[in-house]
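So the structure is just underneath, and the comments pick up after that.
The values are calculated or read from the model by the stated rules, or taken from the named source; none is laboratory data. The shown structure was predicted, so the numbers you read here are calculated from the model rather than taken from an experiment. Cβ placement follows ideal geometry from the backbone for every residue including glycine, while neighbour counts extend to all protein chains displayed. The area values use the complete protein model at the heavy-atom level, side chains included, leaving out ligands, DNA and RNA. Shrake-Rupley method; radii C 1.70, N 1.55, O 1.52, S 1.80 Å.
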Amino acid sequence: MLDKTYQPSAVEARRYGLWERSGGFSADPDSGKPPYTIMMPPPNVTGSLHMGHALTFTLQDVLVRYQRMRGRDVLWQPGTDHAGIATEIVVTNQLAEAQINKQRLGRRKFIERVWEWKAQSGGTIINQLRRLGASPDWSRERFTMEPDLVAAVRRVFVQLYRDGLVYRDKRLVNWDPEMHTVISDLEVDNRETNGTLWHIRYPIAGEPGCHIVVATTRPETMLGDTGVAVHPEDARYAGLVGRFARLPIVDRLIPIVADEYANPETGSGAVKITPAHDFADFEVGRRHGLALLNIFDRDARLNDAVPPAYRGLDRFAARDKVVADLAAAGLLDKVEDHTLMVPYHDRSDVVIEPWLTDQWFCNAGELTRAAIEAVESGRTRFMPRQWENTFFDWLRNIQPWCISRQLWWGHQIPAWYAPDGSVFVAESEGEARAEAEAKFGPRMTLRRDEDVLDTWFSSALWPFSTLGWPDENRFLNRYYPTDVLVTGFDIIFFWVARMMMMGLRFMGEVPFRTVYIHALVRDERGQKMSKSRGNIIDPLDLIDRYGCDAVRFTLVALAAPGRDIKLAERRVEGYRNFVTKLWNAARYAEMNGCALVAGFTPRQCGLTVNRWVAAAVYDCAAAVTAALDAYRFDEAANRLYQFVWGTFCDWYLEFTKPILQGDDDAARTETQAMAAWMLARMVHLLHPIMPFVTEEVWENLAGPEAGLLLMARWPDFPAELTDPTASVEMEWVVQAISALRALRAELSVPPAARIPLLLKDAEPLAAERIERHREHFMRLARVDGFEPVAKMPAGGIQAIVDGATLILRLGDVVDLAGEKRRLCKEISRLDTELAKIVAKLANPGFLAKARAEVIEEQREREADVARDRDRLKLAYDRLAAT
């Protein structure tokens with residue numbers, strides 16, 4: 001017997017342990033079943049579960065549970081990423097707390113400390129994924145720093161180097177002057193900052209008293225200027241193009257060039273160009289052959305390339321001195337307050353410096369060609385399809401990929417240097433030494449490159465390195481390419497595109513057939529979650545309060561393609577109530593003797609209500625199957641919600657109460673078997689989304705000998721279950737009772753009041769249906785009488801359904817005049833609110849200043865108010881017609 005109340009905390013850990021011990025998560029290459037593969041985006045080993053994780057891993061788990069039930073041999077490949085910078089920061093901070101200096105400790109011992117930390121704390125997020133109900137093949141869990149994955153990374157690096165696609169170069173990078181490493185664009189957090197815009201006069205060479213004014217938010221970088229740019233169509237400066245300006249303080253001549261990067265509408269229309277310290281300026285400088293002058297060292301202090309008075313100054317101290325010296329020289333034209341975006345390293349919280357430095361690069365432009373062709377030809381498709389445009393836009397404008405990082409933790413670059421600087425790239429030091437000795441002779445001293453590879457480099461190999469590449473094996477041959485990748489749009493470029501580059505290069509085939517891109521999880525107002533806003537929602541807290549199934553169902557139900565999720569706790573609470581509804585329905589069925597009957601089929605049923613619900617579940621199952629096949633997670637969840645709560649609980653169980661509690665043994669036996677059969681099918685259909693409660697209900701219904709729902713087959717619904725006659729009749733009854741209930745609710749009819757039901761213009765079929773289902777109308781719509789009339793009586797309110805006009809004589813129980821006044825007042829209030837919203841949305845000032853999520857919130861409110869207003873207006877019109 002099911003407990004009176006479903007307690008997720010008492011079920012989830014126990015159920016998960018049973019699943020894991022059953023072996024049901026494991027792939028079986030010998031099964032003979034068609035394979036189905038998803039690569040789990042490896043979370044950082046330092047990570048803890050957040051709402052983004054909860055969404056992406058829930059959607060993946062829905063797919064793998066569904067495909068298992070469809071008879072596929074599922075491999076959901078789990079693992080974690082070594083997370084170079086994040087992990088190095090964690091362990092460095094731990095050492096600092098213990099007053100241990102990282103540099104004195106040395107690289108080898110530091111890496112040993114990292115492995116110790118991983119052994120103690122690195123499994124946190126994996127255990128949290130278990131709490132989410134994730135069902136990957138844990139027996140195949142991988143880590144990006146395992147020896148065979150390290151070997152795969154070395155093989156790829158060496159091969160790309162030998163193919164001329166990996167090389168050393170001096171280019172501009174995102175530099176963290178505190179951690180002393182390059183970081184990726186994804187690790188740059190651009191923060192809106194209140195700053196200053198300085199307008200500086202640059203004297204024109206050869207024309208005393210003539211200046212060109214440039215505006216900058218970083219006056220300290222002017223010491224590295226090597227040009228000034230104006231727009232080629234800006235008539236103000238047409239005569240200056242090709243001439244020179246004299247750089248203040250430095251007294252160096254720099255050319256004035258024409259380039260479309262300069263915006264005539266911004267500032268003076270002239271911009272200073274510092275190619276070595278600004279990414280846009282770097283491109284302008286390259287187009288015009290401007291010199292690259294690096295004025296910062298690795299600590300972001302000014303170096304010897306600037307005048308002596310500035311050398312050794314921190315960049316911000318240098319800014320103050322440059323501004324003061326410009327003012328003293330009379331070269332500051334004006335100073336303005338200015339809002340700008342300042343790039344910070346999201347982990348060290350240090351302002352990033354664009355810095356010119358020698359690094360290892362990968363020729364991403366060459367590798368993207370095959371990836372672009374694969375998407376153009378449809379070998380890989382994006383869902384929703386509009387993300388293909390984002391993919392193409394990024395890849396067709398791709399820059400060389402900086403793949404080196406100045407860290408200790410990570411895949412150390414397999415390159416060794418001879419004393420003369422010659423580099424030998426090989427998979428092992430032995431191979432590199434052999435190459436060096438072949439060139440220079442024996443006893444050659446080699447020094448290994450100290451840098452490590454960008455974490456995204458090893459992650460790019462994830463779809464095949466985790467399957468044992470470069471060794472040929474049955475897992476690699478069977479499970480590559482994978483079926484679908486589920487991920488967020490923010491890493492289409494950083495991870496998705498790079499996996500495609502590497503997969504096509506080294507496997508000769510795309511790594512996945514479909515890329516499903518889900519949206520962001522935001523707070524209920526549509527704002528991005530962040531610590532600074534204080535609006536972070538912890539999925540584990542929600543699981544503790546509402547249960548895992550409620551959290552999963554919420555995320556799936558809100559996962560509409562192309563639309564960010566606005567997560568409100570009340571939604572989770574609402575779906576917790578849905579879990580409770582299912583549980584209570586199962587208890588009700590059990591208490592009324594509903595049990596599975598061997599060999600039972602709905603085709604045996606004679607009662608219209610049972611034939612109707614069999615057809616209804618057939619339609620539901622077809623819709624859910626089609627939705628999951630099309631990655632319409634929200635449609636699958638919402639269709640199940642409507643069927644379980646509405647069709648089954650609100651209608652079928654209510655319709656059959658008199659049967660289950662009546663004296664007709666044959667009808668009761670049929671309905672008991674049908675209710676149990678229905679409950680079994682519902683928990684099968686719900687299981688991919690709500691695995692815990694469904695498994696618990698299934699075991700109670702079918703018994704342990706029936707096996708786990710985890711490994712059950714997706715229910716098969718033959719087309720002969722449909723009964724159009726029964727379906728049309730019962731749906732008519734539902735529609736008619738719903739219309740009568742709506743009338744009562746709109747006009748505040750007391751719930752206990754029984755109202756006479758009058759039938760006007762009733763066709764014979766409608767009258768027959770009402771008579772056959774008289775008991776349902778009396779019990780569920782609280783009506784009696786069933787009197788035919790020729791015209792609308794005084795005090796009557798009507799609802800029109802197919803084949804009849806249903807009239808409730810409300811004048812005896814409702815103050816109709818008072819109701820009209822109440823509705824009129826409420827409609828007026830809604831009209832006023834609606835007018836204010838419409839005016840706000842038509843105001844260009846509001847649209848220009850408001851955040852996108854605020855505008856969207858106003859539009860949603862406009863729709864809600866309009867809907868409420870229309871509903872009340874309909875009720876008022878009904879009253880006005882009496």
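See the values below:
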quantity: Anisotropy class of region 69-190 from Cα gyration tensor, a/c 1.5 cut; calculated: oblate
quantity: Set of lysines with alpha-carbon distance to residue 581 below 22 Å, sequence-local pairs under 8 removed; calculated: 4, 657
quantity: Prolate/oblate/rounded call for region 160-211, Cα gyration tensor, a/c under 1.5 rounded; calculated: oblate
quantity: Percent RCO, i.e. relative contact order, over region 461-568, from Cα pairs under 8 Å lying at least 6 residues apart; calculated: 25 percent
quantity: Quarter of Cα convex hull surface for region 774-882, i.e. mean projection, nm²; calculated: 9.7 nm²
quantity: Positive-pole candidate from 352, 2, 387, dipole of the chain, charges at beta carbon; calculated: 2
quantity: Filtered trypsin sites (Lys or Arg not before Pro), region 742-831: DSSP coil and at most 11 other beta carbons within 10 Å; calculated: 791
quantity: All-pairs Cα distance distribution in the chain, expressed in whole percent, bin size 20 Å; calculated: 12, 34, 31, 17, 6, 0
quantity: Pairwise Cα inverse-distance average, inverted: Kirkwood Rh of region 131-219 (Å); calculated: 19.9 Å
quantity: Where only alpha carbons of region 665-735 are counted, the Rg and the Dmax (Å); calculated: 14.7, 41
quantity: Using a Förster distance of 56 Å, the FRET efficiency for residue 706-residue 235 (Cβ separation, nearest 0.05); calculated: 0.10
quantity: Overall Cα dimensions of region 542-673 - principal axes, largest extent first, Å; calculated: 52, 32, 24
quantity: Under 12 Å, Cβ to Cβ, from residue 782 - net charge with Lys/Arg +1 and Asp/Glu -1; calculated: +3
quantity: Convex hull volume per residue for region 575-653, taking Cα atoms only, in Å³; calculated: 104 Å³
quantity: Solvent-accessible surface ranking, highest first, for 404, 48 at 1.4 angstrom; calculated: 48, 404
quantity: Reachable lysines from residue 170, criterion Cα separation under 24 angstrom, eight or more residues apart if same chain; calculated: 272
quantity: Label-zone membership for region 551-583, site residue 3, 7 angstrom Cα→C-beta point, backbone N under 19 Å; calculated: 551, 576-583
quantity: Bins of 5 Å, starting at 0 and running to the largest distance - Cα pair percent for region 341-385; calculated: 5, 14, 12, 11, 13, 11, 17, 15, 2
quantity: Size-normalised alpha-carbon gyration radius of region 731-803, reference 2.2 N^0.38 Å; calculated: 1.02
quantity: Coarse-grained scattering of region 125-170 at q = 0.22, 0.30 Å⁻¹, given as base-10 log I(q)/I(0) from a Debye sum over alpha-carbon atoms; calculated: -0.80, -1.03
quantity: Compactness of region 270-424 as Cα Rg over 2.2 N^0.38 Å, two decimals; calculated: 1.41
quantity: Helical contribution to [θ] at 222 nm, DSSP H n ≥ 4, -39,500 (n - 2.57), averaged over the chain, rounded to 500; calculated: -14000 deg cm²/dmol
quantity: Cβ-based charge dipole, the chain, positive-most Cα from 276, 559, 115; calculated: 559
quantity: Where trypsin sites (Lys or Arg not before Pro) fall in DSSP loop in region 1-79, at most 10 other Cβ within 10 Å; calculated: 4
quantity: For region 288-346: rounded, prolate or oblate by the Cα gyration tensor [a/c cutoff 1.5]; calculated: rounded
quantity: Share of Cα-Cα pairs in region 382-482 lying beyond 18 Å, as whole percent; calculated: 67 percent
quantity: log₁₀ of I(q)/I(0) at q = 0.20 Å⁻¹ - region 446-521, Debye sum with one point per alpha carbon; calculated: -0.87
quantity: Alpha carbon convex hull of region 452-606, volume per residue in cubic angstrom; calculated: 234 Å³
quantity: Candidate lysines for bridging to residue 566, where Cα separation is under 23 Å - those fewer than 8 sequence places away on the same chain excluded; calculated: 528, 531, 840, 849
quantity: Sites matching trypsin sites (Lys or Arg not before Pro) across region 426-468 that sit in DSSP coil, with at most 12 neighbouring C-beta atoms within 10 Å; calculated: 443
quantity: All-pairs alpha carbon distance profile, region 1-58, 10 Å steps from 0, percent; calculated: 15, 29, 38, 17, 1
quantity: Length released on extending from residue 169 to residue 820, taking residue separation times 0.36 nm less the Cα-Cα span; calculated: 226.4 nm
quantity: Cα convex hull of region 160-268 - mean projected area over all directions, nm²; calculated: 10.8 nm²
